[in-house]
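Below is one structure; the comments refer to it alone.
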């Protein structure tokens, strides 16, 4: 029995969704996401459209899983990128060698940490914000 054309399109939609998802998470792991996310957005919108078109063309019941997953994964990632624009104000950013502004924050034990306690010490502070 031959595979329905919608199932083939659905597999392509899932491949695009999973491929870009793997690339996205590899890039977030190295804090290397590009400033422009247009390529990811286009790929996810394409996977959503392709998945929907797969249903229009017709799939078998088991063949519907691929386009459904492609649409769900792409929609989720598109939504997370939409709600988290990750804009950076260069004028307010701290650069290497700058003096850090005074701040307090809870430490790992729930105690209050004060940045003034670092005065006179060489310190490396790494801030990481996840990209999802």
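Filter segment 105-116 down to the residues that are at pLDDT 85 or above and loosely packed, with under 10 Cβ neighbours inside 10 Å and list them by number. Correct list: 105, 106, 109, 110, 111, 112, 116.
What about residue 12, is it without any contact (Cβ under 8 Å) to a residue 60 or more places away in the chain and in a loop (DSSP other than H, G, I, E, B)? Considered against the rule, which asks whether it is without any contact (Cβ under 8 Å) to a residue 60 or more places away in the chain and in a loop (DSSP other than H, G, I, E, B), residue 12 comes out as no. Looking only at segment 50-62, decide whether some residue is without any contact (Cβ under 8 Å) to a residue 60 or more places away in the chain, surrounded by fewer than 10 Cβ atoms within 10 Å (Cβ to Cβ), part of a loop (DSSP other than H, G, I, E, B) and touching a helix residue (DSSP H, G or I) at 6+ places or on another chain (Cβ under 9 Å). Checked against the condition, which is being without any contact (Cβ under 8 Å) to a residue 60 or more places away in the chain, surrounded by fewer than 10 Cβ atoms within 10 Å (Cβ to Cβ), part of a loop (DSSP other than H, G, I, E, B) and touching a helix residue (DSSP H, G or I) at 6+ places or on another chain (Cβ under 9 Å), segment 50-62 yields no hits at all. Counting only residues that are surrounded by fewer than 16 Cβ atoms within 10 Å (Cβ to Cβ) and either part of a helix (DSSP H, G or I) or at pLDDT 90 or above (or both), segment 19-40 holds 10 of them.
Scoring residue 4 on the criteria (1) modelled with pLDDT under 90; (2) farther than 30 Å from residue 126 by Cα; (3) surrounded by fewer than 13 Cβ atoms within 10 Å (Cβ to Cβ) leaves a single failure, condition (3). When 46, 70 are checked against the criterion of being touching a residue at least 60 places away in the same chain (Cβ under 8 Å), closer than 30 Å to residue 3 by Cβ and surrounded by 10 or more Cβ atoms within 10 Å (Cβ to Cβ), 70 stands alone in meeting it. Got a sec? Which of 125, 100 is in a loop (DSSP other than H, G, I, E, B), modelled with pLDDT under 85, touching a helix residue (DSSP H, G or I) at 6+ places or on another chain (Cβ under 7 Å) and surrounded by fewer than 12 Cβ atoms within 10 Å (Cβ to Cβ)? The conditions single out 100.
The values are calculated or read from the model by the stated rules, or taken from the named source; none is laboratory data. The structure presented is a predicted model; accordingly, all values stated were derived computationally and were not measured. Please note: Cβ atoms are built from the backbone with ideal geometry, for glycine as well, and neighbour counts cover all protein chains shown.
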